[in-house]
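Data block below; observations after.
The values are calculated or read from the model by the stated rules, or taken from the named source; none is laboratory data. Here the structure is a predicted model, which means the values were calculated and not measured. When we count neighbours, we look across all protein chains shown, and the Cβ atoms used for this are built from the backbone with ideal geometry, even at glycine. The protein model used for the area step is the full one, side chains on, heavy atoms only, and it has no ligands, DNA or RNA in it. Shrake-Rupley method; radii C 1.70, N 1.55, O 1.52, S 1.80 Å.
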Amino acid sequence: MNALVRYRVARVGIPCIWRRKCFSSGNEPAESNRVTPMLRHLIYKIKSTGPITVAEYMKEVLTNPVKGYYVHHDMLGEKGDFITSPEISQLFGELLGIWFVSEWMTSGKNTAFQLVELGPGRGTLTGDVLRVFSQLGSVLKNCDISVHLVEVSQKLSEIQALTLTEEKIPLERDAESLVYMKGVTKSGIPVSWYRDLKDVPKGYSFYLAHEFFDTLPVHKFQKTRQGWREVLVDIDPQVSDKLRFVLAPCTTPAEAFIQHDEQRDHVEVCPDAGVIIQELSQRIALTGGAALIADYGHDGTKTDTFRGFCGHQLHNVLIAPGTADLTADVDFSYLHRIAQGKVAALGPVEQRTFLKNMGIDIRLKVLLDKADEPSKKQQLLWGYDMLMNPQKMGERFNFFALLPHQRLHDASQERNAHQSKTPTSSIAGFDELVWQ
């Protein structure tokens, strides 16, 4: 992505399609329109090289090692800019833990496996999964488990360590190493931190990516009478410290990622997502295991989904860069195409369907029966509603899985052997099998 040729563009404004609800009205308060260190950095960069792609804009704003939003912020929770499912209810992480144990058992109970999470947030989700592993200790007692976290943010990795590790055992740190931090979880499982998935040891692994793919940089394209033109970020000629969108005057390299039969007039493509899916697919095809991806997205139908969040509110993506989270919906149809042939892909399945298939109603009843305080019961019911309500997270988020082809072949044979009037999938959480 860094090798993309920079194009100086004609000063053409973006058509009205851009003025959608995911952007603020433009009447931002003066304090939100301030000149941030990231804005100064971007203005200098654009003056030096010309307008930049939306993908490069996202990459700089989110992961720049000096000024990046993810690098120096704890953006999660009530005091942050957004809140995720693991922070809302323990039900979410526990059911994902059960999914991994179910897959491990069905696939032959390997003597060892790695749990690898991409973008672990505060470590809450991995912590909930590990609690399930501890509760099912009698099942997993002969299995050698290790945890591997892929995290670019030093700030978040420290928070993850506080969440997961045993305080009495000091962390090992080596900023120059591919494994920049090591420790031991509270349940005695070794845990390591990496900056890149490629640095994680290859082996039988279960991969987890929750609200990870939506943060990867996207290229945006608008269909014009001259063909596809990439949307770029430029300096507003009327206001020297303000950014605006413009269209490239000619084709750009990332156009190669657009499908030849594309019917939409505006598309977002994410090459980085393709690279990661290729890496996961190759690993799973070679050594086994599975990947479970949970994110908000679509199946190749949406157009303009690029937006910002600050203080749990929608935020203009070009205002005060570096102070807000930037995100774009995941195109699961693209993930399908990349995985095709190497592994089998299931989904996307709506979150409420996946969690219901995993037994969230039964688990909720157990926890409600155990809760001795009204406030605890109220919290459980509130969390359940947030996760399952179609108007909240229930239909907004989706689950997607990558599995070895043999795993689906075995599941199909098992289903046929137990054929009934209402056959069900043998892949936990998914209500139908999708062959790739």
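Quick one: check the C-alpha center-to-center distance for the range 227-266 versus the range 347-400, whole angstrom.
So the separation of the two Cα centres works out to 40 Å.
Please compute the Cα-Cα pair-distance distribution of the range 245-323 with 5 Å bins starting at 0, giving whole percents from short to long.
3, 9, 15, 18, 18, 17, 11, 6, 3, 0
Compute the FRET efficiency between Val35 and Glu172 as 1/(1 + (r/R0)^6), taking r as their Cβ-Cβ distance and R0 = 51 Å, and round to the nearest 0.05.
0.80
What is the calculated FRET efficiency for Asn110 to Thr301, with r their C-beta to C-beta distance and R₀ = 35 Å, to the nearest 0.05?
Here the calculated transfer efficiency is 0.40.
Express as a percent, rounded to the nearest 5, the fraction of DSSP beta bridges in the range 214-337 (both residues included) that run antiparallel.
Taking every DSSP beta bridge with both residues in the range 214-337, the antiparallel ones total about 90 percent.
What figure in square angstrom, to the nearest 10, would you give for the accessible area of Phe213 with a 1.4 Å probe?
Ignoring ligands and nucleic acids, Phe213 comes out at about 10 Å².
Residues of the range 246-277 with the amide nitrogen closer than 19 Å to a label point 7 Å from the Cα of Arg225, along Cα-to-Cβ, please.
The answer is 247-251, 265-266, whose backbone nitrogens lie closer than 19 Å to the label point.
Once the piece of chain linking Lys45 and Cys250 is laid out straight, how much longer is it, given 0.36 nm per residue of separation minus the C-alpha distance between them?
71.7 nm
In terms of Cα to Cα distance under 24 Å, which lysines are near enough to Lys45, apart from those fewer than 8 places away along the same chain?
Lys59, Lys67, Lys220, Lys242
Express the C-alpha Rg of the range 177-217 as a ratio against the empirical globular expectation 2.2 N^0.38 Å, rounded to two decimals.
1.36
Taking a probe of 1.4 angstrom, what is the accessible area of Asp272 in Å², to the nearest 10?
We get 50 Å² for Asp272.
Under 26 Å between alpha carbons: how many lysine pairs meet that in the range 339-416, if sequence neighbours fewer than 8 apart on the same chain are excluded?
10
Please work out the ratio of the alpha-carbon Rg of the range 104-162 to 2.2 N^0.38 Å and round it to two decimals.
In units of the globular-protein estimate, the range 104-162 measures up at 1.25.
If I model a spin label at Lys392 and Asp261 as a point 7 Å from the Cα along the Cα→Cβ vector, what separation in nanometres do I get?
4.0 nm
Send over the per residue convex hull volume for the range 135-250, Cα only, as a whole number of Å³.
209 Å³
What figure, in Å² to the nearest 10, do you get for the accessible area of Trp193 with a 1.4 Å probe and non-protein molecules left out?
0 Å²
Return the Rg/Rh value of the range 310-374, two decimal places, where both radii are evaluated on C-alpha atoms and Rh is the Kirkwood radius.
1.18
For Asp196 and His405, what does the FRET efficiency come to when R0 = 22 Å and r is the distance between their Cβ atoms, rounded to the nearest 0.05?
0.25
Express the C-alpha Rg of the range 194-332 as a ratio against the empirical globular expectation 2.2 N^0.38 Å, rounded to two decimals.
Normalised Cα radius of gyration, the range 194-332: 1.22.
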